[in-house]
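Novice: Dumping the structure here so I can ask a few things about it.
The values are calculated or read from the model by the stated rules, or taken from the named source; none is laboratory data. Quick caveat: nothing in here was measured; it's all calculated off a predicted structure. Cβ atoms come from the backbone with ideal geometry, glycine included; neighbour counts cover every protein chain shown. The protein model used for the area step is the full one, side chains on, heavy atoms only, and it has no ligands, DNA or RNA in it. Shrake-Rupley method; radii C 1.70, N 1.55, O 1.52, S 1.80 Å.
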Amino acid sequence: MARESWTSRVGFILAAVGSAVGLGNVWRFPWMTAEYGGSAFLVVYLCIVLLVGVPGLLAEFVIGRRAKRNPAGALARLAPGTKSWGYVGLFGVVTGLVLLSFYSVVGGWIVRYFVASFTGSYFAEPGAYFDAISFGREAAAFQIAFLALTALVVLGGVRGGIEKATKVMMPLIVVLLAVLAGWAVTQPGAGAGLSFYLDFDPTPIKRNPIDMLRAAAGQALFTLSLGVGTMITYASYLGEDNSLAFDGSTISVLNTGVGVLAGLVVFPLLFAFQGGLSDTASGGGPGALFVSVAGAFQQVPYGEIVAVGFFGAILFAALSSSISMLEIPVAYLVDEHDVSRRNATVGLTGLVLVTGAVCAFNPGIFGFVAGTLVDLMLTAGLAGFLIFTGWVLGADALAEFDSGAGGVARALGTPWLWSVRTILPLFLLVTLAVNLYAL
Ligand code: PFF
């Protein structure tokens, strides 16, 4: 059977943006920014996206398009005779399952807020509401609903499911966030939130530079879906005439833009309606998104309708990311072990139901997986992919990079390859060591 491919270039970009843009932008980014000191975190994060994220994304594209396989198969096939590279890819497959285990808990929160938006039942006491619903039996039930939706899209295959769905999801979320941000920044009290977010204050960097770097690097990789092999898998369905450099830059800019926009919604709202950040989970932690927007929905006319649209769009964005997490292990079983797509999807979803329930019932484990463990696994994974691209593929990587690229992009190929060989893996390995030390 011929391998499927994207129906168009826009289809690929949209799907990759769909994977990148998700709860990482609208939920994890405000949480991390709040936790690590606002504007300083934003600056460090943006630098890492540009200097590490974009070249890293291109490395994954190069591997994927060259091998036309899932990450484990790709690395094994491109380095024949050495089994160990296949394990690096396999590590990504496992990471995908770990990610989905906690991501589906948050996805479940989104489903719940979407439903609750019809009546506005969380508007009045947003903090108490979040604290009451975020973990436990009901959280697990909504998580199952989210996982079921994810599995349904993955079952549809590359063209049928992922591509079609993403085309609708992306523009909607941008428009809704932009409208909300425009409204949020004009509210009385919003100024303090804006200044927390945008007025550069280096104090948090000076206080703990290493910790800041570690967290910002983890967030940069998470938001671009790097270090797992998602982008390897997506690029494996790509034709040789796409300019990887152009597509990679477009995806990074769109993705980062959505994250920054989400910050413009969350921080002004938190300061305008909730009196700023608090130390509780709902004030400055994993609940920041949910609590902040509730304040807005209570004030605006027809708040329930706006809320339904908002959480509906976020649900779409979350799904286009979660399907990319599930797609990696599914593609692995289909490509490498001849399992049918249906059996692979059903079996793996069943597995995540179990690992995910552990996160849904235990806030401590959830926090560890969603924060520290994710930072650690993504950093290790991307370091492996970069070393592979730079040292195993070498000149072949450059040839793949150049294929379909215009003049400007080609000029960037050599410096890109050198950074992929040297400074970038070094940076990630140091970050990894810091992550391990912080355990
Ligand atoms: N980038 C996604 C987000 O920001 O929500 C999360 C993600 C998806 C990370 C897929 C990793 C991945 F492989």
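Novice: Just the number please: accessible area per residue for the range 164-281, 1.4 Å probe, all protein chains included, in Å². Each step should come with its number before you reach the end.
Specialist: Values: 4490 Å² over 118 residues.
With all protein chains present, the range 164-281 gives 38 Å² per residue.
Novice: Give the peptides 382-389, 126-133 in descending order of average Cβ contacts within 10 Å, highest first. Could the numbers behind the result be given before it?
Specialist: Numbers: 382-389: 25.9, 126-133: 18.1.
Listed from highest to lowest mean packing, they are 382-389, 126-133.
Novice: Stick to the Cα atoms of the range 249-407, pair each with every other, and give me the Kirkwood hydrodynamic radius in Å at one decimal.
Specialist: Numbers: mean 1/r = 0.0508 Å⁻¹.
Hydrodynamic radius (Kirkwood, Cα pairs) of the range 249-407 is 19.7 Å.
Novice: In what sequence, highest mean first, do 173-183, 198-208, 429-439, 90-100 appear when ranked by Cβ atoms within 10 angstrom?
Specialist: Top of the packing list down: 90-100, 173-183, 429-439, 198-208.
Novice: Tell me which of Thr414, Met212, Ala184 sits at the most positive position along the dipole axis of the chain, charges placed on C-beta atoms (Lys, Arg +1; Asp, Glu -1).
Specialist: Thr414
Novice: Moving to a separate point now. Run the dipole for the chain about the Cα centre, Lys and Arg Cβ at +1, Asp and Glu Cβ at -1, nothing else charged, and hand back the magnitude in debye, nearest 20. If you can, show how the numbers build up before the last one.
Specialist: Numbers: 21 positive and 23 negative charges, 129 e Å.
With only Lys, Arg, Asp and Glu charged at Cβ, the dipole is about 620 debye.
Novice: Helix 341-361 against the longest principal axis of the chain: what's the angle in degrees, Cα atoms only, rounded to the nearest 10?
Specialist: Long axis of 341-361 versus the principal axis of the chain: about 40 degrees.
Novice: Taking N as the number of residues in the range 124-249, what value does Rg over Cα atoms divided by 2.2 N^0.38 Å take? Can you show the working numbers first?
Specialist: Working: Rg = 20.1 Å, N = 126, 2.2 N^0.38 = 13.8 Å.
In units of the 2.2 N^0.38 Å rule of thumb, it is 1.46.
Novice: Got a sec to turn the phi values of the range 259-268 into Karplus ³J(HN,Hα) couplings, 6.51 cos²θ - 1.76 cosθ + 1.60 with θ = phi - 60°, whole Hz, x for Gly and Pro?
Specialist: Per residue, the Karplus-derived 3J(HN,Hα) values read x, 4, 4, 4, x, 6, 8, 5, 5, x Hz.
Novice: While we're on this one: Taking θ as phi - 60°, what are the ³J(HN,Hα) couplings along the range 432-439 by the Karplus curve (6.51, -1.76, 1.60), each to the nearest whole Hz, with x for Gly and Pro?
Specialist: 4, 4, 5, 4, 5, 5, 6, 4
Novice: Which of rounded, prolate or oblate describes the chain when judged by the alpha-carbon gyration tensor and an a/c cut-off of 1.5? Walk me through the intermediate numbers first.
Specialist: On the way: a/c = 1.68, a/b = 1.39, b/c = 1.21.
Here the chain falls in the prolate category.
Novice: Determine the principal axes of the Cα atoms in the range 43-96, then give the extent along each, sorted from largest to smallest and rounded to whole angstroms.
Specialist: Projected onto the principal axes, the Cα atoms of the range 43-96 cover 42, 22, 17 Å.
Novice: Using 0.36 nm times the number of residues separating Ala192 and Thr422, minus their current alpha carbon distance, what extension gain do you get? The partial results should precede the final answer.
Specialist: Values: separation 230, 0.36 × 230 = 82.80 nm, distance 4.15 nm.
Length difference between fully extended and current span is 78.7 nm.
Novice: What distance in nm separates the two pseudo spin-label positions at Leu51 and Lys83, each 7 Å out from Cα along the beta-carbon direction?
Specialist: Result for the modelled spin labels: 4.0 nm.
Novice: Angle check, please: helix 137-155 long axis (alpha carbons) against the longest principal axis of the chain (alpha carbons), in degrees 0 to 90, nearest 10.
Specialist: 40
Novice: Shifting gears a bit: Rounded to whole Hz and in sequence order, give me ³J(HN,Hα) for the range 290-300 from the Karplus expression 6.51 cos²θ - 1.76 cosθ + 1.60, θ = phi - 60°, writing x for Gly and Pro.
Specialist: 5, 6, 5, 6, 4, x, 6, 5, 5, 8, 6
Novice: Shifting gears a bit: Relative contact order of the chain: what whole-number percent is it, with Cα pairs under 8 angstrom and at least 6 residues apart? Can you show the working numbers first?
Specialist: Values: 744 pairs, mean separation 146.2, N = 439.
Rounded, it is 33 percent for the chain.
Novice: Specify the inter-centroid distance of the range 365-439 and the range 28-102, based on alpha-carbon positions, in whole Å.
Specialist: Measuring centre to centre over Cα atoms gives 7 Å.
Novice: Moving on. Please give the direction-averaged projected area of the C-alpha convex hull for the range 87-161, in square nanometres with one decimal.
Specialist: Numbers: hull surface 26.8 nm².
Seen from a random direction, the Cα hull of the range 87-161 projects 6.7 nm² on average.
Novice: While we're on this one: State the percentage of accessible surface on the chain attributable to carbon and sulfur atoms; use a 1.4 Å probe and exclude ligands, DNA and RNA. If you can, show how the numbers build up before the last one.
Specialist: Values: 10930 of 15950 Å².
Of all accessible area on the chain, carbon and sulfur atoms account for 69 percent.
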